[in-house]
Amino acid sequence: MKKSRGRTGRKRRRKHCQSFTDGVNCSHKLEYIKLKKWLKDRGFEDGNLRPAEFRDTGRGLMTTKPLQAGDLIISLPEKCLLTTATVLSSYLGEYIMKWKPPVSPLIALCAFLIAEKHAGEKSLWKSYLDVLPKTYTCPVCLEHDVVSLLPEPLRKKAQEQRTTVHELYMSSKAFFSSLQPVFAENTGTIFNYSALEWAWCTINTRTIYMKHSQRECFSLEPDVYALAPYLDLLNHSPNVQVKAAFNEQTKSYEIRTNSQCKKYEEVFICYGPHDNQRLLLEYGFVAMDNPHSSVYVSSDTLLKYFPPLDKQRNAKLSILKDNDFLQNLTFGWDGPSWRLLTALKLLSLGADEFTYWRRTLLGDVISARNEQQTLNITAKICHFLIEETQHVLLQISQLKRNKENLKTQLALVEALRLEDLKILQKSAEIVCNLNIATT
């Protein structure tokens, strides 16, 4: 399930809003009244959900009655969903059908969003477009100064995301030009890079997963996107469970909750068991006290603590690489992961113990010395990462004072780093206790 937290929505003026214990009901705002009417015309029956502003999550949906496990939260008719079928039946359809080589389903949806946004008042989707975020906080939208403050594995993925979107833009320019007959203005100014970035983020953060049959007019990339107006105001929580799917009988996309929810509380859905780095990469937000979160240890950090003169160092590295033990090495809420400890145990094998490397990978204890050295190095790595995180947090607080325009972006990275710090401090405590237990 993909969708944005919606915390980038415009600041709501509270004087029009009725206040509840948990959130501020905003359903009498003009943009929501228009959206509800638009949805009703397409067969959507208003349930118990109301748009609201929440202190911790920003914009979301609250329930006006208590919810029990198994209750239907929302049922959105197929007519309300924006899919590639919508695009093909529009004025862009004939241009997509004849374009060779075929465009991807993603580009078809991006082109439609950009064109409809440009149409303004004339757009049939205006009521939906008006409640979409104007800006996003996915890494592709972050300023270079902000990206450089991300943890190393995420920084790398952020750069990959930027490259992906840029390549998508460059490879779609000719197709966008072919749409010129539809527009009075030059397509180059309508379909510019920032328009594509906005459309890509809208789809990447807000679409629900819905499989569509393969069409010849599209490239072979999977056609699995559907934009779901109103439903996409539901925010993510790692602590809830839901069942979400398209119901062929009712021809609606339905979400049922597996959790209870009190009257006037925010209703959450879960996009999956994602850690905060994944949430930030895909959706542009982080979840506080996320049970799935972890701090990644890069192979460079790992190797800082092993003597370069170890004759078996290269052989050990080859073994770790061949057995996929140089990726996904983490500290979590419950301390160092088994994978991290296993990689460190293998690197800590003495010259006389090296022949036991297979047993090490299976989790066997090789010697008391090996166990002790592993824990000592784990503690050193953990403390190094704590210091590094504290240093970055200091940089962020200085930048927040000097760069007013980057405050929102910096606050996001700060939230990620503060969560990392909590995990690392908890891990340091656990490693310390393990050390005491083994001495």
Residues in segment 335-369 that are under 34 Å from the mean Cα position of the chain (by Cα) and farther than 20 Å from Val431 by Cβ total 2
Does segment 68-86 hold any residues that are out of contact with any Gly (no Cβ under 7 Å at 6 or more places or on another chain) and open to solvent by less than 10 Å² (accessible area, probe 1.4 Å), and which are they? Leu76, Cys80, Leu81, Leu82, Thr84
Taking Lys156, is it charged (D, E, K, R), part of a helix (DSSP H, G or I) and under 27 Å from Ser177 (Cβ atoms)? no
Filter pass, Thr389 being open to solvent by less than 10 Å² (accessible area, probe 1.4 Å), under 22 Å from Glu152 (Cβ atoms) and over 28 Å from the mean Cα position of the chain (by Cα): no
Within segment 225-239, count every residue that is within 13 Å of Tyr271 (Cα to Cα) and in contact with a helix residue (DSSP H, G or I) (Cβ under 6 Å, 6 or more places away or on another chain). 1
Filter segment 346-372 down to residues that are over 22 Å from Asp324 (Cα atoms) and in contact (Cβ under 8 Å) with a residue 12 or more places away in the chain, then give me how many there are. 5
Can you find, within segment 259-280, the residue that is most open to solvent (accessible area, probe 1.4 Å) among those that are without any contact (Cβ under 8 Å) to a residue 60 or more places away in the chain and closer than 19 Å to Cys201 by Cβ? Arg278
Based on what the data block shows, is Phe44 in contact (Cβ under 8 Å) with a residue 40 or more places away in the chain, aromatic (Phe, Trp, Tyr) and touching a Gly at 6+ places or on another chain (Cβ under 8 Å)? no
Which is in contact with a Gly (Cβ under 8 Å, 6 or more places away or on another chain) and in a helix (DSSP H, G or I), of Thr355, Thr378, Thr342, Thr360? Thr342
With the requirement that a residue be closer than 15 Å to Asp300 by Cβ and open to solvent by less than 70 Å² (accessible area, probe 1.4 Å), what does segment 326-339 give you? Leu326, Leu329
Can you tell me which residues in segment 240-255 are more than 15 Å from Tyr271 (Cβ to Cβ) and either of a type in the set (A, V, I, L, M) or out of contact with any Cys (no Cβ under 9 Å at 6 or more places or on another chain) (or both)? Phe246, Asn247, Glu248, Gln249, Thr250, Lys251, Glu254
Selection from segment 303-316 of residues that are modelled with pLDDT of 90 or more and within 15 Å of Thr342 (Cα to Cα): Lys316
Thr189, sole failed condition from (1) assigned to a helix (DSSP H, G or I); (2) open to solvent by less than 50 Å² (accessible area, probe 1.4 Å): (2)
Being in a loop (DSSP other than H, G, I, E, B) and either under 17 Å from Thr389 (Cβ atoms) or without any contact (Cβ under 8 Å) to a residue 12 or more places away in the chain (or both) is the filter here, so list the residues in segment 290-309 that pass it. Asn290, Ser293, Val297, Ser298, Lys304, Pro307, Pro308, Leu309
Residue that is hydroxyl-bearing (Ser, Thr, Tyr) and either at pLDDT 95 or above or touching an Asp or Glu at 6+ places or on another chain (Cβ under 8 Å) (or both), where the choices are Thr408, Thr438, Thr355: Thr438
I want to confirm something. Restricting to segment 228-258 and keeping residues that are hydroxyl-bearing (Ser, Thr, Tyr) and open to solvent by less than 30 Å² (accessible area, probe 1.4 Å), which single residue is farthest from the chain's Cα centre (by Cα)? Ser252
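The values are calculated or read from the model by the stated rules, or taken from the named source; none is laboratory data. A quick note: this is a predicted structure, and the numbers were derived from the prediction, not measured. Reconstructed Cβ throughout: ideal geometry from the backbone, glycine too, with neighbour counts over all protein chains shown. Heads up: the accessible areas ignore ligands, DNA and RNA and are worked out on the full protein's heavy atoms, side chains in. Shrake-Rupley method; radii C 1.70, N 1.55, O 1.52, S 1.80 Å.
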